[in-house]
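**Student:** Let me begin by handing over the structure; questions about it come next.
Bear in mind that the values in this text are calculations on the coordinates, not laboratory data. Given the structure is predicted, the values throughout are model-derived calculations rather than measurements. FYI the Cβ positions are ideal-geometry reconstructions off the backbone, even for glycines, and counts take in every protein chain you see.
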């Protein structure tokens, strides 16, 4: 991928006549200890979410229903990725500005994170992000 | 709840005009360190899943789309719970036999677990479960 500190990861998935199971082991498929997760849903069409970066927190995104587009930006390069496959997850490391857009109705975005909530870990001002990322 | 080693937990949820976010902090909302997660999806109607217990592994279930019914059994008491709310999660401790049924089309069941995969932690024979649970 073009944007630094990001990469696509395919989860181990077991498929049979009873359906599919995708497995995410912490410190293996998810490349950190899973301290916290959150899931985003019920997003009205046309709304955007995200619009911040993290100083240290690492995250992995997966879209479990519907689809959503992630705009990734490392301060130099910018890239858009549409997530819709529950097997395919997106690692987003520190100092990546990400914006979520084009939520389809019923979309569920699930995120694994490497740290407990800490307000000081967020960079919410784009100018500050650009200075910090350089 | 009637079945021992099980309980319902409500996740902290932030709701505004941009949608909802439900947060699960490990060792807090999720009452253990999150070592592993898995998600089940694409289950054809009429299929059942689960049908085993764990010796030590603790799990928390949430339904992120659609709905699914969980049959819980501690060897003495039995209870059915239908999951459909992404804020409401179900803790299932060790030595609970659980069966998943009545998956609606598009259902996604997400599970947080307290241990990495270990085949010896599974009890797959019901007779053995009943003996162990007593």
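**Student:** Just to be sure I understand, how many residues within the stretch B:78-121 are more than 14 Å from chain A (Cβ to nearest Cβ), loosely packed, with under 15 Cβ neighbours inside 10 Å and either more than 18 Å from residue B:64 (Cβ to Cβ) or touching a helix residue (DSSP H, G or I) at 6+ places or on another chain (Cβ under 7 Å) (or both)?
**Tutor:** 4
**Student:** Could I ask something else about it? Of all residues in the stretch B:20-67, which are at the interface with chain A (Cβ under 8 Å from one of its Cβ atoms) and on the phi > 0 side of the Ramachandran plot?
**Tutor:** The one that is at the interface with chain A (Cβ under 8 Å from one of its Cβ atoms) and on the phi > 0 side of the Ramachandran plot: B:42.
**Student:** Is it the case, given these coordinates, that residue B:21 is closer than 22 Å to residue A:40 by Cα and under 15 Å from the mean Cα position of the chain (by Cα)?
**Tutor:** Values: closer than 22 Å to residue A:40 by Cα: yes; under 15 Å from the mean Cα position of the chain (by Cα): no.
Criteria not met by residue B:21.
**Student:** Still on this structure: Looking at (1) in contact with a helix residue (DSSP H, G or I) (Cβ under 9 Å, 6 or more places away or on another chain); (2) surrounded by fewer than 21 Cβ atoms within 10 Å (Cβ to Cβ), can you tell me which one residue B:53 breaks?
**Tutor:** Unmet condition: (2).
**Student:** With (1) away from every other protein chain (no Cβ under 14 Å); (2) within 26 Å of residue B:107 (Cα to Cα); (3) free of Cβ contacts under 8 Å to residues at least 40 places away in the same chain; (4) surrounded by fewer than 21 Cβ atoms within 10 Å (Cβ to Cβ) as the list, and residue A:70 as the residue in question, which single condition is left unmet?
**Tutor:** (4)
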